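Note sheet for the following structure.
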Amino acid sequence: MNVRRRLAPRSRSQAREPFDSGLQAERTLLSWQRTALALGVGCAVAVRFTAPLFGVAAIVVGIVGVGLVVAGYLQTHHRYRRTQHALHESETLAGIRPWPLAALAAATLLLGVLAVFFLIGGIRVMP
């Protein structure tokens, strides 16, 4: 019985309710997720247009870019849950780690590399 009490959340209603009525943390989470999804789609589309000319190099750059986007996307959700828990439990907020932002920045850089491949290759979009 003690094990159940330790494993169960302190207040299930608090865990499901947002901390503030303005939903600031939720809006921030959604904006990071939109950014990550846009970068992921951008990397995938860039691979589509650069792969015919540059082959494996373009595919590898695109896969690495999409991988960085997925890692950043998952970490933003984890950070949101951790922040909500800390706010509900009146704990101090955990230190903000910069690696999700760095992963999304690196994915943006890789998308730029694919764009340069596209421009150098002179690939025509319309046949």
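The values are calculated or read from the model by the stated rules, or taken from the named source; none is laboratory data. Just so it is clear, the model here is predicted, and its values are computed rather than measured. We place every Cβ from the backbone using ideal geometry, glycine too, and count neighbours over all the protein chains shown.
Which one of these is without any contact (Cβ under 8 Å) to a residue 24 or more places away in the chain and farther than 17 Å from VAL116 by Cα: ALA86, ALA51, ALA44?
Details: ALA51 fails: farther than 17 Å from VAL116 by Cα; ALA44 fails: farther than 17 Å from VAL116 by Cα.
Result: ALA86 is the single residue among ALA86, ALA51, ALA44 that is without any contact (Cβ under 8 Å) to a residue 24 or more places away in the chain and farther than 17 Å from VAL116 by Cα.
Only residues that are surrounded by fewer than 19 Cβ atoms within 10 Å (Cβ to Cβ) and out of contact with any Leu (no Cβ under 9 Å at 6 or more places or on another chain) were counted across the range 72-88, and they come to 6.
Looking only at the range 33-68, filter to residues that are in contact with a Phe, Trp or Tyr (Cβ under 9 Å, 6 or more places away or on another chain) and of a type in the set (Gly, Ala, Ser); which one of those is surrounded by the fewest Cβ atoms within 10 Å (Cβ to Cβ)? Once the filter is applied, the top-ranked residue is ALA57. Restricting attention to the range 71-93 and to residues that are at pLDDT 75 or above and among the β-branched types (Val, Ile, Thr), the residue that is nearest to PRO52 (Cα to Cα) turns out to be THR76. Residues in the range 19-60 that are within 28 Å of ILE120 (Cα to Cα) and either aliphatic (A, V, I, L, M) or over 10 Å from the mean Cα position of the chain (by Cα) (or both): 24 in all.
If you check ILE96, ILE63, which single one turns out to be at pLDDT below 80 and within 18 Å of the chain's Cα centre (by Cα)? So that I can check it myself, show each step before the final result.
On the way: ILE63 fails: at pLDDT below 80.
Sole residue among the options that is at pLDDT below 80 and within 18 Å of the chain's Cα centre (by Cα): ILE96.
Restricting the range 107-116 to residues that are out of contact with any Gly (no Cβ under 6 Å at 6 or more places or on another chain) and either more than 11 Å from THR50 (Cβ to Cβ) or surrounded by 21 or more Cβ atoms within 10 Å (Cβ to Cβ) (or both), the residue that is modelled with the lowest pLDDT is LEU114. Is one or more of the residues making up the range 25-32 aromatic (Phe, Trp, Tyr), more than 30 Å from ALA86 (Cβ to Cβ) and surrounded by 14 or more Cβ atoms within 10 Å (Cβ to Cβ)? Within the range 25-32, none of the residues are aromatic (Phe, Trp, Tyr), more than 30 Å from ALA86 (Cβ to Cβ) and surrounded by 14 or more Cβ atoms within 10 Å (Cβ to Cβ).
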